[in-house]
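Visitor: Have a look at the structure that comes next, please.
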Amino acid sequence: MNKVCVITGVGPGNGASFSRRFTAEGYTVVMLARNGAYLEELAGEIPGSVGIQCDVREPEAIKSVFARIHDEIGAVDTLIYNAGAGEWAPIMETSTEGMYSSWATNTLGLLVSAQQVIPTMSDQGEGNIMIIGATASLRGGARSTAFASAKAAQRSVAQSMARDLGPKGIHVGYLIIDGIIDLERTRKRMPDKAGEFFMRPDAIADSVYTLTQQDRSAWTFEVDLRPFGERW
């Protein structure tokens, strides 16, 4: 039976690693992002993957893409909501546009994406919805007015989903990522940091896949992932 995993917000870090991890496990992976050219290139590198351009801030675009996935590829077994951009500015510099865009990316997009897969998962009595969160979901910083509030709202939506969907056999998990992802751009921005300072996307992908394989008698809802050397 063909297993289908949809990943939103696919980029060169976590999204690409999620895609490789789940295709390695036999899934057909559908990668969604705003950058269609990047998705086309990545799909050429990952057998078993398909890239579709989609802006998760646009509910109608989400609905159209998921309808296409269902018709052309199949029912979605696992949704990984990885979209997470936002505006970073102190309160007096936070724009209404940035506030809305942060909320639409992190919270509204999650709601609409989940609504597209929940009916079939409920009918099947199983499924996974994994949401990639951040420490900002737990506390706001001086320059994270828009982003932190959006992530906090996302976490609340995830909690509501887990309470509603768990009894229907759908595992909802929220992963708080507390660290800097190992990317070429972050390495350039922090050239003085040792390699162990960064979080490796492949290791994060292993954790996400492990959560989707848990026995339902002991599901994890929320987990913190952080580099081992961090003082916290």
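Visitor: Got a sec? Charge dipole of the chain, +1 on Cβ for Lys and Arg, -1 for Asp and Glu; which of SER144, THR96, ILE204 is way out at the positive end?
Guide: SER144
Visitor: Ignoring everything except DSSP H segments at least 4 long, calculate the 222 nm mean residue ellipticity for the chain; use -39,500 (n - 2.57) per segment, divide by total residues, nearest 500.
Guide: Theoretical 222 nm ellipticity from helices: -13000 deg cm²/dmol.
Visitor: How do ARG163, ARG155 rank when sorted from fewest to most other Cβ atoms within 10 Å of their own Cβ?
Guide: ARG163, ARG155
Visitor: Right, another one. Of GLN53, TRP219, ILE73, which is farthest towards the positive pole of the chain's charge dipole, taken about the Cα centre with +1 and -1 on the beta-carbons of Lys, Arg and Asp, Glu respectively?
Guide: Positive-most Cα among the choices belongs to TRP219.
Visitor: How much length, in nm to one decimal, is gained on full extension between THR96 and ASP71, taken as 0.36 nm per residue of separation minus their Cα-Cα distance?
Guide: 5.3 nm
Visitor: Roughly how big is the stretch 75-232's charge dipole about its Cα centre, with Cβ charges of +1 (Lys, Arg) and -1 (Asp, Glu), in debye to the nearest 20?
Guide: Value, rounded to 20: 380 debye.
Visitor: So which aspartates and glutamates pass the test for LYS3, namely a Cα distance under 17 Å, with those fewer than 8 places away in the same chain ruled out?
Guide: Within the straight-line cut-off, LYS3 pairs with GLU25, ASP71, GLU72, ASP77, ASP123, GLU126.
Visitor: Starting from the 7 Å offset along Cα-to-Cβ, what nm value, one decimal, do you get for the label separation of THR120 and PHE228?
Guide: Result for the modelled spin labels: 4.0 nm.
Visitor: Mind sorting TRP88, TRP219, TRP103 by how few other Cβ atoms lie within 10 Å of their own Cβ, fewest first?
Guide: Fewest to most other Cβ atoms nearby, the residues stand as TRP219, TRP88, TRP103.
Visitor: Among all the lysines, which ones have a C-alpha under 28 Å from LYS193's C-alpha, if same-chain residues fewer than 8 places away are not counted?
Guide: Within the straight-line cut-off, LYS193 pairs with LYS151.
Visitor: Looking at [x] 18.0; [y] 19.1; [z] 19.8, which value of Kirkwood radius over Cα pairs in Å comes from a calculation on the structure shown?
Guide: Answer label, from the structure shown: [x].
Visitor: Follow-up question, since we're still on this one. Determine, for THR212, THR78, THR186, the number of other Cβ atoms within 10 Å of each Cβ, and report the residues in order from fewest to most.
Guide: THR186, THR212, THR78
Visitor: Here is a further query. Run the quick spin-label model on ASP192 and LYS3: label points 7 Å from Cα toward the beta carbon, then report their separation in nm to one decimal.
Guide: Result: 4.5 nm between the two label points.
Every number here is computed from the coordinates shown, using simple stated rules; none is lab data. Model, not experiment: these values are computed from the prediction. Every residue, glycine among them, receives a Cβ derived from its backbone with ideal geometry; neighbour counts consider all protein chains shown.
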